[in-house]
1. Here are E20, E24: which of them is in a helix (DSSP H, G or I), open to solvent by less than 70 Å² (accessible area, probe 1.4 Å), of a type in the set (D, E, K, R) and touching a residue at least 24 places away in the same chain (Cβ under 8 Å)?
2. What residue, among those in segment 44-66 that are modelled with pLDDT under 85 and not in a helix (DSSP H, G or I), is surrounded by the most Cβ atoms within 10 Å (Cβ to Cβ)?
3. With respect to S12, is the statement that it is on the phi < 0 side of the Ramachandran plot, in a helix (DSSP H, G or I) and not hydrophobic (A, V, I, L, M, F, W, C) true?
4. Of all residues being open to solvent by less than 100 Å² (accessible area, probe 1.4 Å) and of a type in the set (A, V, I, L, M) in segment 1-13, which is farthest from the chain's Cα centre (by Cα)? Just the residue, please.
Amino acid sequence: MLIFLFSAWACSAVGQNAQEIVNEVTRQFIERPGIMWQDYKEKSNYGRCVSIIVSTSLGDDYAWSPSYHIPTIDGDW
């Protein structure tokens, strides 16, 4: 039964991270319309997207990281 809980948490975290990336890309398209055209006058801010992914993945990992140690505390399943 725990596998379903952990899978649900993982799916929820991925969904939240994807929504944050979509919001960031939309913001960049609005603020820098030159990145959508063929002349590519402006560059997109890839570093901001990478930092969002890294920070949210680390933050989500800390939230349920004690669950990794539960089987070792009680003994192996």
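1. Selected residue: E24, the only one of E20, E24 that is in a helix (DSSP H, G or I), open to solvent by less than 70 Å² (accessible area, probe 1.4 Å), of a type in the set (D, E, K, R) and touching a residue at least 24 places away in the same chain (Cβ under 8 Å).
2. Applying the filter and picking the extreme gives W64.
3. Yes, satisfied.
4. Taking the candidates together, the pick is L2.
The values are calculated or read from the model by the stated rules, or taken from the named source; none is laboratory data. All values derive from a computational prediction rather than experimental measurement. Ideal geometry is used to build each Cβ from the backbone, glycine not excepted, and the neighbour counts take in all protein chains shown. Surface areas here come from the heavy atoms of the whole protein model, side chains and all, with no ligands, DNA or RNA. Shrake-Rupley method; radii C 1.70, N 1.55, O 1.52, S 1.80 Å.
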